[in-house]
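I have placed the structure first, in the form of structure tokens, so that the comments after it can refer back to it.
The values are calculated or read from the model by the stated rules, or taken from the named source; none is laboratory data. Computed from a prediction, not measured in an experiment: that's the story for all the values here. FYI the Cβ positions are ideal-geometry reconstructions off the backbone, even for glycines, and counts take in every protein chain you see.
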Amino acid sequence: MVEISLPGMDKNYDPKLTEEAIYRMWETGGYFTPTIDPQKKPFTILLPLPNANDPMHMGHAMFTVQDILIRYHRMMGDPTLWLPGGDHAGIETQYVFEKKLAKEGKSRFQFDRDTLYNMIADYVEQNKNINRDQMKRLGFSMDWTRYRYSLDPNIVATVLDTFKTMYNDGLAYRDARLVNYCTKDGTGFSDLEVKYDERIDPLYYMKYGPFTIATVRPETKFRDTALAVNPKDKRYKKYIGQTLEIMGLLGPIQMTVIPDQEVDPKFGTGIMKVTPAHDPHDFELGKKFNLPVTPIIDQRGKMDFSWFLSQNNIEPKYKERAEKYHGKKVAEARALMVEDLKADGLLVKVDEQYTHRVGMCYRCGSVLEPLPIPQWYIKTKPLAKKAIEAVKKGKTKIFPKKRFEKMYFDWMNNILDWNISRQIVWGPRIPIWYCLDCNPDIALSFLNAEHVKMFGTYKDFASTHSFDEIKHGIQTLSAPLKATYALTDGACTTCGGTHILQETDTFDTWFLSSQWPITTLGFPDSKDFNYFYPTSVLDTMWDILFFWVARMMMMGLYRTGKVPFEVVHLHSRVVDAHGKKMAKSKGNVINPIDMVGKYGADALRFALMFGAAPGSDIAISEDKIRGMRNFANKLWNIGRFIHMNIDAAKAEIPFYDDTRLQTVIDANDKQIISELNTLAVSVTKNINHYRFSDAAQSLYEFTWHQFADVYLEKNKDRFKAGDAQALSVLRHVYIILLKLIHPFMPFVTESIWGTFPRKHADPLIISHWPTV
RNA sequence: GGGCGGUUAGCUCAGUUGGCUAGAGCGUUUCAUUGACAUUGAAAAGGUCAUAGGUUCGACUCCUAUACCGCCCACCA
């Protein structure tokens, strides 16, 4: 066996020997940083900012789509910017951090607000770079000099400014409607974040005056304020408008019967109890009929009977019951009440197998409690209107259009106001200040020196604590809806006092990220903003179309009057070899970094692009990645073959375009050149149309089965004989191929590129894209 | 409840406006054994394109219905 030795080219391509050095060469060479040239239209992509605290998963590896576009445009000569960033990911990060604390036997309640915030900040700081290094390992050609973190001071400043502008425009407001509240995590959520789960719960039929009603939530009935029936329901028509006295577990209550179209006469008994404080539908109904909102569950998910117990002359039996329920968790109290209903003969029957959908906390899985808590909202209708128009007019194009444009319009048309308040510490606080002297009823919770959680109103604490103590120890401030507030952090505009406290609600993370295109580029006036906004393409998976993309459209248009991006490209979801969603619980997760270590970044990137239609899932398996590793190796060995033959020819092989060879060309050469041109045209077209799979497949097919298997095999004798024309054509086709493949497989192509003679010393990354 | 997508070779999927013997990757079978690559080469097997109708000279491709799978949205107590 004769070993062929070529300098720098082993028999097999080993990504481990090249990738790191090549990436460093690109980065230190400054090729990721665009030169601003006012004569040229830039090409810009903002990376969908990953959670700074999370390692990469396969979904992030799909950002390869962006790198392909970026590398392609860079080679086209466009000033090209791919701007990376990291997200503080409010609730996600605080949740992960609390779990970490729990493992160490600690709880967030052992720390005051500032300390907890700083601990989380340190934790994120430690993890931030893992993510960045991993993206480098995939070869992503991002401009790291422009890396942004969502809590960078200038980013936050713009976000606060947006809030103030919206507030002054009447688009940001405070209201106490029913919010999806997780009593375990202690925060409210927006409607988008609610995860609905099918559950089987008992449906209780209970006697209710002259009626029987059905409910899954008997614990809320104490604060029912009305009964609703369908106005067309003959059975109950005569009761409409009447006020009835109904016997309950705590004695008789007064109840008015009201009409409501939406009551289904066929459901249960056709009568619905109305509980405005704990049911979204009832809340709206209550507004219509002016019913009081009377909560019976508190923010910790416990029954609150203080309204009852504070009454005079309560019958001892009822007092005993109320005391028994008071302070119990919802589920526990419900069980007790069902027992008491039985005892009183009020329970008619129980349907144990009632299935319904319940709103759950997407984070911790607890049942969400709709609670009437004041929150900050964004009025979305006027913003959505413009976002719809922009897409209709084609200012922003959504791809694949067929599937996702409809989703976009449906959501925008039915949009509800956006709750941006979160009751967590990890994030910027809403820039609103309350005067404690003007609002002595503001409820405060804070930590005293012994780390004991304390609740009370400002009035309660003012006599025993200094303002400074309150200000620094405060955990949360829950101002009643009627409390007055101001945008200023100076003196109170009403009383001139300085006992003012900032809102403790922090912004929904998505409120920050919805402004990413403007905050990262330096709105309202900076060189980058003026040059790069609007960006060219926004590429992401469809799961955050509403969370992020739609909201960026609204916010970008609101602040700048221009769309934030010209194209929205929704890439495939990565699934396992059997088309199933990857999940830790299923044990089918493939770690991208492991695959890079084993087969190289190029192999993984190519596998992710190969064989998926736009908008559909992409199945990934180790077998497939290995197959693509083999392709990289094939490409590498064609390079070795060419070197070997040129070296053996012992003559200078002219550049293809320097010679008259083109006019006296051999039929075989002519054919491969023609096929190459066809390929270059189709790859270019496919990239322009976001058909990355087609581009990848044609590159694979041409390289392996046309160029290597046919042309190269057929002309081996000519190469061996040192035929200068043949060798020139061979090398030319190969060099062009390296360029065409480079956006997909940047490492192997760049490393081979370096071994060939060329007119300019430039690396492949900034070579010129082939044009025909 | 409303809407969307899918159903093509053993597996995962392409098939862009209806038109040549329906393709790829992986897997399988047979042969080749080493001056580019065994991470290879040559060849092969394997599909009533979910089902039933319809439009058309012609349907994997268009229309209707059905079945199953997946996803999104929705306040049914």
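Some observations on this one:
- Among residues of the stretch A:294-328 being part of a helix (DSSP H, G or I) and of a type in the set (Lys, Arg), the one that is nearest to A:GLY188 (Cα to Cα) is A:LYS324.
Residue by residue, here is whether (1) among the acidic types (Asp, Glu); (2) surrounded by 18 or more Cβ atoms within 10 Å (Cβ to Cβ); (3) modelled with pLDDT of 85 or more holds:
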{"position": "A:GLY456", "(1), (2), (3)": "no, no, no"}
{"position": "A:PHE467", "(1), (2), (3)": "no, no, yes"}
{"position": "A:ALA486", "(1), (2), (3)": "no, no, no"}
{"position": "A:GLY490", "(1), (2), (3)": "no, no, no"}
{"position": "A:CYS495", "(1), (2), (3)": "no, no, yes"}
{"position": "A:THR504", "(1), (2), (3)": "no, yes, yes"}
{"position": "A:PHE507", "(1), (2), (3)": "no, yes, yes"}
{"position": "A:THR519", "(1), (2), (3)": "no, yes, yes"}
{"position": "A:PRO524", "(1), (2), (3)": "no, no, yes"}
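- Failed criterion for A:ARG74 (all others in (1) of a type outside the set (A, V, I, L, M); (2) under 22 Å from A:PRO592 (Cα atoms); (3) not in a strand (DSSP E or B) hold): (2)
- Matching residues, the stretch A:203-221, being over 17 Å from A:LYS342 (Cβ atoms) and either over 39 Å from the mean Cα position of the chain (by Cα) or part of a strand (DSSP E or B) (or both): A:GLY209, A:PRO210, A:PHE211
- Selection status of A:GLU352, of a type in the set (Asp, Glu) and modelled with pLDDT of 90 or more: no
- Within the stretch A:79-94, one or more residues are more than 26 Å from the chain's Cα centre (by Cα) and not in a helix (DSSP H, G or I).
- Leading residue by the ranking (farthest from A:VAL367 (Cα to Cα)) among those in the stretch A:315-324 that are surrounded by 13 or more Cβ atoms within 10 Å (Cβ to Cβ) and in contact (Cβ under 8 Å) with a residue 60 or more places away in the chain: A:TYR318
- Matching residues in the stretch A:665-696 - criterion: being within 13 Å of RNA strand B (Cβ to nearest atom) and outside any helix (DSSP H, G or I): A:HIS689, A:TYR690, A:ARG691
- Inter-residue pairs, beta-carbon under 9 Å, first part of a helix (DSSP H, G or I) and in the stretch A:27-47, second small (Gly, Ala, Ser), 6+ apart: A:GLU27/A:SER141
- Exclusive hit being surrounded by 15 or more Cβ atoms within 10 Å (Cβ to Cβ), modelled with pLDDT of 85 or more and touching a Gly at 6+ places or on another chain (Cβ under 9 Å), set A:MET337, A:MET303: A:MET303
- Exclusive hit being surrounded by fewer than 19 Cβ atoms within 10 Å (Cβ to Cβ) and at pLDDT 90 or above, set A:ARG422, A:ARG429: A:ARG429
- The condition (being of a type outside the set (S, T, N, Q), away from RNA strand B (no atom under 12 Å from the Cβ), surrounded by 19 or more Cβ atoms within 10 Å (Cβ to Cβ) and under 30 Å from A:LEU138 (Cβ atoms)) is satisfied by just one residue among A:LEU699, A:LEU727, A:LEU738: A:LEU738.
- The set of residues from the stretch A:257-300 being more than 7 Å from RNA strand B (Cβ to nearest atom) and on the phi > 0 side of the Ramachandran plot comprises just one member, A:ASN290.
- Candidate set from the stretch A:702-724 (those that are small (Gly, Ala, Ser) and over 18 Å from A:PHE655 (Cα atoms)); member that is farthest from RNA strand B (Cβ to nearest atom): A:ALA721
- Among residues of the stretch A:355-377 that are more than 20 Å from A:GLU92 (Cα to Cα) and touching a residue at least 60 places away in the same chain (Cβ under 8 Å), those with a beta-carbon under 9 Å from a residue that is within 13 Å of RNA strand B (Cβ to nearest atom) and among the aromatic types (Phe, Trp, Tyr) at least six positions away or on a different chain give the pairs A:ARG357/A:TYR196; A:VAL358/A:TYR196; A:PRO370/A:PHE283; A:PRO372/A:PHE283; A:TYR377/A:TRP418.
- Where a residue in the stretch A:750-762 is under 16 Å from A:HIS643 (Cβ atoms) and its partner, wherever it lies, is exposed (fewer than 15 other Cβ atoms within 10 Å of the Cβ) and not β-branched (Val, Ile, Thr), with Cβ under 7 Å and at least six apart: A:THR755/A:GLY8
- A:LYS406 vs. criteria within 25 Å of the chain's Cα centre (by Cα), in contact (Cβ under 8 Å) with a residue 24 or more places away in the chain, more than 22 Å from A:LYS302 (Cα to Cα) and not in a strand (DSSP E or B): no
- The number of residues in the stretch A:748-760 that are more than 14 Å from RNA strand B (Cβ to nearest atom) and hydrophobic (A, V, I, L, M, F, W, C) comes to 2.
- Annotation: A:GLU352 fulfils all but one of (1) within 16 Å of RNA strand B (Cβ to nearest atom); (2) crowded, with 17+ Cβ neighbours inside 10 Å; the unmet one is (2).
- Evaluation of A:LYS328 against the conditions (1) buried (at least 17 other Cβ atoms within 10 Å of the Cβ); (2) more than 20 Å from A:LYS207 (Cβ to Cβ); (3) among the basic types (Lys, Arg); (4) within 16 Å of RNA strand B (Cβ to nearest atom) shows that the sole unmet condition is (4).
- One residue stands out in the stretch A:580-625 among those that are among the acidic types (Asp, Glu) and in contact with a helix residue (DSSP H, G or I) (Cβ under 8 Å, 6 or more places away or on another chain): the one that is farthest from RNA strand B (Cβ to nearest atom), namely A:ASP602.
- Annotation: A:VAL65 fulfils all but one of (1) more than 16 Å from RNA strand B (Cβ to nearest atom); (2) in contact (Cβ under 8 Å) with a residue 60 or more places away in the chain; (3) of a type outside the set (D, E, K, R); the unmet one is (1).
- When A:TYR181, A:TYR173 are checked against the criterion of being of a type in the set (Ser, Thr, Tyr), surrounded by 16 or more Cβ atoms within 10 Å (Cβ to Cβ) and closer than 25 Å to A:LEU285 by Cβ, A:TYR181 stands alone in meeting it.
- Candidates are the residues of the stretch A:718-772 that are more than 22 Å from A:ARG24 (Cα to Cα) and among the polar types (S, T, N, Q); the one that is modelled with the lowest pLDDT is A:THR771.
- Residues of the stretch A:98-131 satisfying the condition of being more than 30 Å from A:ASP143 (Cβ to Cβ) and either of a type in the set (Gly, Ala, Ser) or crowded, with 21+ Cβ neighbours inside 10 Å (or both): A:ALA102, A:GLY105, A:SER107, A:LEU116
- Here the condition is being within 16 Å of RNA strand B (Cβ to nearest atom) and among the charged types (D, E, K, R); of A:LYS459, A:LYS471, A:LYS406, it holds for A:LYS406 alone.
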